[in-house]
Amino acid sequence: MPEKALKTLEENLARVRERIRAAARAAGRVPDDIHLLAASKGAPPAAVRQAADAGQRLFGESYLQEALGKRAALHGMEGLEWHFIGPVQRNKTRDIAAHFHWLHSLDRAVIAERLAQQRGALPPLNVLIQVNISREPSKSGLRADDMMPLADRIIQLPSLCLRGLMALPAPDPRRSAAEFAAMYALFHALQNRYPGQKIDTLSMGMSDDLEAAIMAGATLIRVGTAIFGPRAHPRSATDARPAGEKDVQ
Ligand SMILES: *Cc1c(COP(=O)(O)O)cnc(C)c1O
């Protein structure tokens, strides 16, 4: 990468961290309770390396083939934590189970069961249930009413560790505030149902709305463009079925 782009990336990361600190202060929260996930889809391995050198540890990928290629290119970089945040088709579960530490987009029992079976001897896969809180038909995630039955199933699977919930609220700030609040209520209900479990993660908030998410109780925000710049081939964060990734049974 050109020198200038790398410098900008460091500055971007510093700015995002400052936004997190300011939003946490405004919300009366401890900044360290809010984790930053760098959504690195579309970013080249060199950009991931640069972010890691600047102290970024959590990375999120949305497309499996891109993610696996990037992991191979970064072979030998220790200590990074990889989160899969894109829609999951059945034929992707084996690679997700083998190569990721977290999955944010679990929304079907059949996917949970396959992942649990395929995880093998690795430490449990941390999972979040994705709730389609804005009820947009184009989005992945289940309806709020279906969250608890899926949680009850995941809890029975020893190779999965249920850590909380994820959502992509509507981009419209007039709607998203209520949706963030609804997610917090669901998260709280999940914690109350399983007090003995480490249900500690509410994944919501992106480049444009991280302050509102932190105000509403997010514990992990997923930030792409504010760190890596605009994506070369912008694909919506909400594509239910990325081109070329079909659900093979
Ligand atoms: C790309 C992506 C993000 C980051 O979005 P930005 O607007 O670029 O910050 C967050 N979450 C998911 C699921 C994504 O796919």
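The values are calculated or read from the model by the stated rules, or taken from the named source; none is laboratory data. Predicted model only: the values in this text are computed from it and were never measured. Neighbour counts run over all protein chains shown; Cβ positions are idealised from the backbone, glycine included. Just so you know, the surface numbers come from the protein's heavy atoms only, side chains and all, with ligands and any DNA or RNA stripped out. Shrake-Rupley method; radii C 1.70, N 1.55, O 1.52, S 1.80 Å.
Give the distance, in whole Å, between the Cα centre of segment 57-83 and the Cα centre of segment 103-139.
Cα centres, segment 57-83 to segment 103-139: 18 Å.
Could you pull the accessible area for Asp53 with a 1.4 Å probe, rounded to 10 Å²?
The accessible area comes out at roughly 120 Å².
Probe radius 1.4 Å, ligands and nucleic acids left out: which of Met77, Met204, Met215 has the largest accessible area, and how do the rest follow?
Greatest to least solvent exposure: Met215, Met77, Met204.
What are the ³J(HN,Hα) values, in whole Hz, obtained from phi via the Karplus relation 6.51 cos²θ - 1.76 cosθ + 1.60 with θ = phi - 60°, for each residue of segment 188-194 in sequence order, with x given for Gly and Pro?
Each residue's phi maps through the Karplus curve to give 5, 5, 5, 4, 5, 6, 10 Hz.
Principal axis extents for segment 1-75, Cα atoms only, whole Å, descending order, please.
Principal-axis extents of the Cα atoms in segment 1-75, largest first: 41, 28, 17 Å.
Can you pull the three principal axis extents for the Cα set of segment 32-103, in Å, largest first?
Principal extents (largest minus smallest coordinate, Cα): 35, 30, 20 Å.
With θ set to phi - 60°, apply the Karplus curve 6.51 cos²θ - 1.76 cosθ + 1.60 along segment 107-122 and write out the HN-Hα couplings as whole Hz, x wherever there is a Gly or Pro.
9, 9, 4, 5, 5, 4, 5, 5, 4, 4, 5, 8, 5, x, 8, 5
Say each of Ser138 and Arg15 gets a label point 7 Å from the Cα, pointing the same way as Cα to Cβ; how far apart are those two points in nm?
For Ser138 paired with Arg15, the spin-label model returns 2.6 nm.
Tell me, what ³J(HN,Hα) does each residue in segment 139-154 have, in order and in whole Hz, if you take phi through Karplus 6.51 cos²θ - 1.76 cosθ + 1.60 with θ = phi - 60° and put x for Gly and Pro?
9, 6, x, 9, 6, 3, 5, 8, 5, 5, x, 5, 4, 4, 6, 4
Give the calculated FRET efficiency between His75 and Arg175 to the nearest 0.05, with a Förster radius of 45 Å applied to their Cβ-Cβ distance.
So the FRET efficiency works out to roughly 0.60.
Report the calculated FRET efficiency for Gln197 and Ala27 (r = Cβ-Cβ distance, R0 = 25 Å), to the nearest 0.05.
Using R0 = 25 Å, I get an efficiency of 0.50.
If amide H atoms are built 1.01 Å from N in the plane of the peptide, which residues on other chains or at least 5 residues away come under 5 Å of the amide H of Leu103?
Phe84, Asn126, Val127, Leu128
How much accessible surface area, in Å² rounded to 10, belongs to the heavy atoms of Tyr184 with a 1.4 Å probe?
Solvent-accessible area, nearest 10 Å²: 100 Å².
For Thr8 and Gln118 in the same chain, what is the full-extension length gain: residue separation times 0.36 nm, less their Cα-Cα distance, in nm?
So the chain would gain 35.6 nm between Thr8 and Gln118.
Against the globular-protein guess of 2.2 N^0.38 Å, express the Cα radius of gyration of segment 106-222 as a ratio, rounded to two decimals.
1.04
With n ≥ 4 as the cut-off for DSSP H runs, can you work out [θ] at 222 nm for the chain, using -39500 (n - 2.57) per run divided by the number of residues, rounded to the nearest 500? Don't skip to the answer; put the middle values down first.
Details: 9 runs with 101 residues, N = 249.
So the calculated ellipticity at 222 nm is -12500 deg cm²/dmol.
Over all alpha-carbon pairs in segment 1-155, figure out the percentage whose distance exceeds 26 Å.
36 percent
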